[in-house]
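The values are calculated or read from the model by the stated rules, or taken from the named source; none is laboratory data. Just so we're clear, the structure is a prediction, and the values are computed from it rather than from any experiment. Quick reminder, even Gly has a Cβ in these numbers, built from the backbone with ideal geometry, and neighbours come from all protein chains shown. To get the accessible areas, we keep the full protein, side chains included, count just its heavy atoms, and leave off ligands, DNA and RNA. Shrake-Rupley method; radii C 1.70, N 1.55, O 1.52, S 1.80 Å.
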Amino acid sequence: SAKLGQSNELSEMDDLAKSVEGRIARIYLKNGKDYFTPPEAAGGNLSPGPEMSLFSRVVPGEKRCTVLRNYFRREGHTWPGSDEKNFLNSIDDDYLKEMITTGEVSKRGKDWSMGWSQWQGFNEGILAVKYSLKTLSDNGFHNVALNKASGFGCGSFEYMLSHNATTMWESWWRSEDLYSHNHPMLGASAEWMVSSVAGVGLHPKTTGGSTVLFWPRFPNSANVLEFAGATQGTRRGDFSIAWKFEDLPDNRDLYASASVTVHIRLFVPPDGKSVLRIPEYSNGEGVDASMKYATSVPNLDEALMLSSEECLSRR
C-alpha cells in the first residue's frame, strides 16, 4: 500500500491477485457441474468445498447462485468406523426404521451407514464448519445455518454434547478408541455466533480494528432464537450489540406468523467508528426502522453477569 511505501507496485499486485483468482476459478469450474471443486472430484463432496470458495468470494459473481444451488444438493455418509458399524448392527429394526425416516441412516453400498444432507446437521469436515455457517448466513440462508447449528442426531453439535463432549471431535461419529475428542481446528463456530447470530465483527475493510460492522441476521421465527448479544474488543475499546424480539404473542404457536418488533442496542466507544447493516428481506417490502441515541450508558458489566447466570441456568 502507499503507507508502506509500495504505491508504485499497488496496481501490479492488484492485477496479479485478479489473475490468480481467475485461474483458480477456471480450474475449479472445469468439472462441468459448477460444484467449484477440482475437475477430478466426482460429485463435489470435498471438504472444504464450495462453502470456502463462496465465503472468500473467489467464485465469479455470475456463477455464485449456481454454485450455491449445487452446494445444497450435496449428500453422502460419515467417515465409517468400527464403533458406527457395531452400533448399527446392535439396534433393533424399529429403531433403525426411525433413523432411516429422520435421514440419519441411509445405504452406503450394501450396508447401512450414518448419512447426512445439507438440511440436517453437518456434512463438512473440521476445516470447513465455520465457513459453511458463514457462507449460509452471508448469502441469505441464515435460517438454514441456525437449523444446522441447532440440529440433532449424528452430524450435529447436540450429538457431541449428548455424549459429554467439551470440544469438537475429529469425526461426527462417536468413537472411544479411533477418533480424537479434542480436534476443533477450523470447526469452531464461536466467531460465527458473534459476527452473524449476534451481529458484531471487524469491518472487512478495516485496518487495525478501527471500524466495526454491526450486521445482525435474525431468524425467521422467534421459536428458533429470541435474543442475542456479543462484544467485539478492539484497541479503541469494546463494541457491543444486543437485540431481541418484542411484541411477541403469548402463544408460541403464533410466533412464526406474528408481526413483531426487533429492538437493537449498539454501544460504540467514544473513539470508535462503526457501520450498521440492516438485514434485507425477500418480500421486497423492506422494514420500517427508527434510530435514537441513548441518554445513558448501560452497565455492561452487570448485563454480562446476568446473561452468564441465565446461560448457566439454561444449560
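Numerical summary
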{"item": "Distance histogram for the stretch 82-212 (every C-alpha pair counted, 10 angstrom bins, percent rounded to whole numbers)", "result": "11, 37, 31, 14, 5, 2"}
{"item": "Solvent-accessible area per residue for the chain (1.4 angstrom probe, square angstrom)", "result": "62 Å²"}
{"item": "The chain: relative contact order in percent, alpha carbon pairs under 8 Å with at least 6 residues between", "result": "10 percent"}
{"item": "Protection proxy ranking of 216-228, 190-202 - average other beta-carbon atoms within 10 Å, highest first", "result": "190-202, 216-228"}
{"item": "Carbon plus sulfur fraction of accessible area for the chain, probe 1.4 Å, in percent", "result": "52 percent"}
{"item": "Kirkwood estimate for the stretch 142-233, i.e. one over the average of 1/r between Cα atoms, Å", "result": "15.1 Å"}
{"item": "Helix-derived mean residue ellipticity, 222 nm - over the chain, DSSP H n ≥ 4, -39500 (n - 2.57), to 500", "result": "-8500 deg cm²/dmol"}
{"item": "Alpha-carbon Rg/Rh ratio, for the chain, with Rh computed the Kirkwood way", "result": "1.00"}
{"item": "For the stretch 138-195, the fraction of alpha-carbon pairs in successive 5 Å shells from zero, as %", "result": "4, 17, 26, 25, 15, 8, 3, 1"}
{"item": "For the stretch 183-315, diffusion coefficient by Stokes-Einstein and Kirkwood Rh (Cα), 10 °C, 1.306 mPa s, µm²/s", "result": "96 µm²/s"}
{"item": "Compactness of the stretch 233-277 - radius of gyration and Dmax, Cα, Å", "result": "15.6, 45"}
